[in-house]
1. How many of the residues making up region 1-51 are aromatic (Phe, Trp, Tyr), in contact with a strand residue (DSSP E or B) (Cβ under 7 Å, 6 or more places away or on another chain) and outside any strand (DSSP E or B)?
2. Test of understanding: among Gly77, Gly54, which residue is touching a residue at least 40 places away in the same chain (Cβ under 8 Å), farther than 18 Å from Cys98 by Cα and in a strand (DSSP E or B)?
3. Does region 28-39 contain at least one residue that is acidic (Asp, Glu), out of contact with any Cys (no Cβ under 8 Å at 6 or more places or on another chain) and on the phi > 0 side of the Ramachandran plot?
Amino acid sequence: MFPVYEEKKENLHFRSKTSRHASPHLHNSIEFIYITEGTLELGMGQELYHMDKGDFAVIFPDVIHHYQVFSPGINRGWYLWAGMTLTGQFADTLQKSCPDNPVITSKNLHPDIRTEKHPLEYSHWIQRAVRLCCEVK
């Protein structure tokens, strides 16, 4: 199966949605996933990363990835895609690298990111998330 390239035309796109299977794909934006209910399996390369409620993932631009849902019940998350212009000084770094593990567990998540509020309520949220993820290395 070949990955699908998704060109994100909006500079910022947010959805609170039911998590479901998604075929391998990549796009020109950074993607953030925050699990609000249930679980999600995030696949990157040959690895599958398990995510529970409160876990956060960062998928760098142009990285092939997919989602799978194996757990019964309600599985939901916040999915946010941001164009490189919104990542500020980190755009170059994001386009040239990829984290070894894209998932930050809820217990390791910085309090500025871990929130029950809608992430778009914070004007600095995207750049703060990117900065913190780049520091994790």
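Here, each number is a calculation from the coordinates, and none is a lab measurement. The structure displayed is predicted, hence computed values, not measured ones. Don't worry about glycine lacking a Cβ; one is built from the backbone with ideal geometry, like all the others, and counts go over all protein chains shown.
1. So the first thing to find is which residues in region 1-51 are aromatic (Phe, Trp, Tyr), and the list is 2, 5, 14, 32, 34, 49.
This time we only want the ones that are in contact with a strand residue (DSSP E or B) (Cβ under 7 Å, 6 or more places away or on another chain), so: 5, 14, 32, 34, 49.
If we keep only those that are outside any strand (DSSP E or B) as well, we get none.
Counting residues in region 1-51 that are aromatic (Phe, Trp, Tyr), in contact with a strand residue (DSSP E or B) (Cβ under 7 Å, 6 or more places away or on another chain) and outside any strand (DSSP E or B) gives 0.
2. On the way: Gly54 fails: in a strand (DSSP E or B).
The match here is Gly77.
3. Initial filter on region 28-39 (acidic (Asp, Glu)): 31, 37.
Okay, now just the ones that are also out of contact with any Cys (no Cβ under 8 Å at 6 or more places or on another chain), so 31, 37.
Subsequent filtering for residues that are on the phi > 0 side of the Ramachandran plot retains none.
Scanning region 28-39, I find no residue that is acidic (Asp, Glu), out of contact with any Cys (no Cβ under 8 Å at 6 or more places or on another chain) and on the phi > 0 side of the Ramachandran plot, so the answer is no.
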